[in-house]
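The values are calculated or read from the model by the stated rules, or taken from the named source; none is laboratory data. Predicted model, so just to flag it, every value in this text is computed and none were measured. Cβ sites come from the backbone with ideal geometry, for glycine too, and all protein chains shown count toward neighbours. Note: areas computed on protein heavy atoms with side chains; ligands, DNA, RNA excluded. Shrake-Rupley method; radii C 1.70, N 1.55, O 1.52, S 1.80 Å.
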Amino acid sequence: MSRWRPPSEASTALITQEGRERLRAELQDLWQVRRPEVVKALSAAAAEGDRSENAEYIYRKKQLGEIDRRVRYLSKRLEVLKVPEQDKTPRDRIFFNAWFELEHEDGDIRRYRIVGPDETDARRNWISIDSPLARAALNKAVEMDFEVELPTGMSSFVVISIHYED
């Protein structure tokens, strides 16, 4: 049985200014704080002797690999991410970085924010611009309705409000 998988779709290279700052802070923390701590602990574990049976050494080696992998990813990703100019965005329609309320066909009112794929957060109702709901909501104005295929099936929504935080 083959492990080959088709390549995943490239995600949109958009991010909010706050999202870019969070990723930069994470990169700086990984590189300047966490990595040196792990390297120091790895050196101490290596000094204990036989590395093949040293659980601390094996754990620290794995931890260092994870940190290095994340640092490489963030370094490359930050180079391609763009913060779109909000000044040119029409404020009466849903675009990137918009907060908007939708009324579901069952009467539920839900509030979302469209953000880049690197900063989605379900608890805060931040959805990726690549998500089906965001794609369907783009360029909609207040009182416009639309349908979208969600994992739970086809759903209808009406846009109740749109606003942008400055």
TODO: Quickly run through region 111-133 and pick out the residues that are closer than 19 Å to R77 by Cβ and either out of contact with any Phe, Trp or Tyr (no Cβ under 7 Å at 6 or more places or on another chain) or not in a strand (DSSP E or B) (or both).
DONE: G116, P117, D118, E119, T120, D121, W126, S128, I129, D130, S131
Open item on the list: Step by step: first the residues of region 29-45, then only those that are open to solvent by 80 Å² or more (accessible area, probe 1.4 Å) and not hydrophobic (A, V, I, L, M, F, W, C), then the one that is nearest to R69 (Cα to Cα). Which residue is that?
Closed with: R34
Open item on the list: Any residue that is more than 29 Å from Y73 (Cα to Cα), assigned to a strand (DSSP E or B), modelled with pLDDT under 95 and open to solvent by less than 70 Å² (accessible area, probe 1.4 Å) - is there at least one of those in region 141-151?
Closed with: yes
Open item on the list: Taking the condition of being in a loop (DSSP other than H, G, I, E, B), charged (D, E, K, R) and in contact with a Phe, Trp or Tyr (Cβ under 7 Å, 6 or more places away or on another chain), how many residues in region 87-110 meet it?
Closed with: 1
Open item on the list: Return the residues of region 152-166 that are over 30 Å from E85 (Cα atoms) and open to solvent by 100 Å² or more (accessible area, probe 1.4 Å); say none if nothing qualifies.
Closed with: T152, M154
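Within region 143-166, how many residues are touching a residue at least 40 places away in the same chain (Cβ under 8 Å) and either touching a His at 6+ places or on another chain (Cβ under 9 Å) or among the charged types (D, E, K, R) (or both)? Please lay out each step first, then the result.
So in region 143-166, the residues touching a residue at least 40 places away in the same chain (Cβ under 8 Å) come out as 155-166.
Right, trim to either touching a His at 6+ places or on another chain (Cβ under 9 Å) or among the charged types (D, E, K, R) (or both) and you get 155-158, 165-166.
Residues in region 143-166 being touching a residue at least 40 places away in the same chain (Cβ under 8 Å) and either touching a His at 6+ places or on another chain (Cβ under 9 Å) or among the charged types (D, E, K, R) (or both): 6 in total.
Can you tell me which residue among E26, E48 is more than 30 Å from Y164 (Cα to Cα), open to solvent by 60 Å² or more (accessible area, probe 1.4 Å) and not hydroxyl-bearing (S, T, Y)?
On the way: E26 fails: more than 30 Å from Y164 (Cα to Cα).
The unique qualifying residue is E48.
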Task: Pairs with Cβ under 8 Å, 6+ apart, first in region 73-95 and among the small types (G, A, S), second assigned to a helix (DSSP H, G or I) and surrounded by 10 or more Cβ atoms within 10 Å (Cβ to Cβ) - done: S75/L27
